């Protein structure tokens with residue numbers, strides 16, 4: 001497993017997923033990606049360490065971002081979560097130690113949110 005912090009990015013738009021993964025890698029993170037909640041739910045138990053979950057809320061399939069965060073917390077109860085969506089979030093659905101970012105967002109917004117949920121300088 002890499003020395004870098006591991007971020008699981010779950011995004012059904014391949015352009016956004018690839019761009020975000022690239023920007024996070026440039027910022028010093030090791031990135032694992034999934035295109036939907038079902039793929040991410042299979043990655044969670046197979047990946048020895050995930051330090052942060054960045055997930056879209058609305059994705060095709062039966063596992064949305066809210067459900068995925070709860071599944072991830074079963075493995076890692078303190079896992080920080082950043083939710084993203086172009087739609088308004090349903091208040092009360094988020095897990096503790098999480099942040100919501102409305103799309104479109106800038107990479108700097110994601111990095112600020114990472115500092116917020118993980119603490120500054122934790123990923124680099």
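Here segment 21-39 is the region considered, the condition is being touching a helix residue (DSSP H, G or I) at 6+ places or on another chain (Cβ under 7 Å) and touching a residue at least 60 places away in the same chain (Cβ under 8 Å), and the residue that is nearest to residue 102 (Cα to Cα) is 23.
For segment 79-92, a residue qualifies if it is in contact with a helix residue (DSSP H, G or I) (Cβ under 6 Å, 6 or more places away or on another chain) and under 13 Å from residue 58 (Cα atoms), and exactly one does: 83. Within segment 41-51, the set of residues being within 19 Å of residue 118 (Cβ to Cβ) and buried (at least 17 other Cβ atoms within 10 Å of the Cβ) comprises 44, 50, 51. Set side by side, the residues 44, 8 differ, and just one is part of a helix (DSSP H, G or I) and in contact (Cβ under 8 Å) with a residue 12 or more places away in the chain, which is 44. Against the test of being touching a strand residue (DSSP E or B) at 6+ places or on another chain (Cβ under 8 Å) and either surrounded by fewer than 17 Cβ atoms within 10 Å (Cβ to Cβ) or on the phi < 0 side of the Ramachandran plot (or both), the options 15, 99 yield a single qualifying residue, 99. I'd like to know if segment 95-108 contains one or more residues that are assigned to a helix (DSSP H, G or I), more than 12 Å from the chain's Cα centre (by Cα) and under 18 Å from residue 18 (Cα atoms). Among the residues of segment 95-108, at least one is assigned to a helix (DSSP H, G or I), more than 12 Å from the chain's Cα centre (by Cα) and under 18 Å from residue 18 (Cα atoms), which makes the answer yes. For segment 19-37, the criterion of being assigned to a helix (DSSP H, G or I), touching a strand residue (DSSP E or B) at 6+ places or on another chain (Cβ under 9 Å) and surrounded by fewer than 16 Cβ atoms within 10 Å (Cβ to Cβ) is met by at least one residue. Within segment 52-85, if we keep just the residues that are in a loop (DSSP other than H, G, I, E, B) and free of Cβ contacts under 8 Å to residues at least 24 places away in the same chain, the residue that is surrounded by the fewest Cβ atoms within 10 Å (Cβ to Cβ) turns out to be 78.
Coordinate-derived values only; no laboratory data. None of the values given here were measured: they were computed from a predicted structure. Cβ atoms come from the backbone with ideal geometry, glycine included; neighbour counts cover every protein chain shown.
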